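Before any comments, here is the structure.
The values are calculated or read from the model by the stated rules, or taken from the named source; none is laboratory data. From a predicted model like this one, the values you see are computed outputs, not experimental measurements. Here Cβ is always computed from backbone atoms with ideal geometry, including for glycine, and neighbour counts include all displayed protein chains. Areas reflect the complete protein model, heavy atoms only, side chains present, ligands, DNA and RNA absent. Shrake-Rupley method; radii C 1.70, N 1.55, O 1.52, S 1.80 Å.
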Amino acid sequence: MTKDDDIQQTPEGSAELWIGAVPSLGPGGRDVFLGLGSHVDEPGARLARLLLDRGHEGEEGVFYLLPEDLAARYERTGDRLAVTLLAHRDVVAHSLQACPEEGRVLSGALPSDPLDADRVVLLRRELTTGFVPVEQSGEFQPVLLVDHTAGPDAGPEELIALFEEGEAGIAVLNAELLPDRA
């Protein structure tokens, strides 16, 4: 799944960040994707799973979300690539109205985005890699959020196999890239 210059890091928490190819999404290329397993109980992960219900299905099993619903931000610092999963405060508030029990648990549990006070940070994951997200027509390649029920030890190959079997979903998230801080 990863190339020789990619060193997989297991970030704090159970969700992981990988760089690789999702063959069923198209030929070649390398994609950045986050695993979001049902076993991850961080407040931001729970909210991200709730927000996935706002997705609109494109290709079979691939869900697209509006940037206000869920978005991602790439940030490079030297040889590290970080991906931050973000949501707009109004979207969070609206989604939590439908789930008052979650609202009580998640209220105030999510930090503000330091670059946009109207958004909250759901997750942040990093890995060491030479990979730089590609820009085409002014847009950076999306982050693929893999929603799955595999256990915490599932690796990227297993998640892709689950997706191809219809047992995992992929949400395509718009992403932006902060300038390299190296």
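Computed values, structure above
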| quantity | calculated |
| --- | --- |
| Pairs with Cβ under 6 Å, 6+ apart, first in the range 58-80 and under 30 Å from residue 166 (Cβ atoms), second loosely packed, with under 15 Cβ neighbours inside 10 Å | 63/57; 64/56; 64/58 |
| Count of the range 42-66 residues which are open to solvent by 10 Å² or more (accessible area, probe 1.4 Å) and part of a strand (DSSP E or B) | 4 |
| Positions within the range 67-87 being open to solvent by 30 Å² or more (accessible area, probe 1.4 Å) and assigned to a strand (DSSP E or B), in sequence order | 77, 80 |
| Verdict on residue 161 being in a helix (DSSP H, G or I) and more than 16 Å from the chain's Cα centre (by Cα) | yes |
| Unmet requirement for residue 50, which otherwise passes all of (1) touching a Leu at 6+ places or on another chain (Cβ under 6 Å); (2) at pLDDT below 90; (3) of a type in the set (A, V, I, L, M) | (1) |
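Yes/no per residue for (1) of a type outside the set (Phe, Trp, Tyr); (2) surrounded by fewer than 18 Cβ atoms within 10 Å (Cβ to Cβ); (3) not in a loop (DSSP other than H, G, I, E, B):
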site: 117; (1), (2), (3): yes, yes, yes
site: 122; (1), (2), (3): yes, no, yes
site: 133; (1), (2), (3): yes, no, no
site: 167; (1), (2), (3): yes, yes, no
site: 172; (1), (2), (3): yes, no, yes
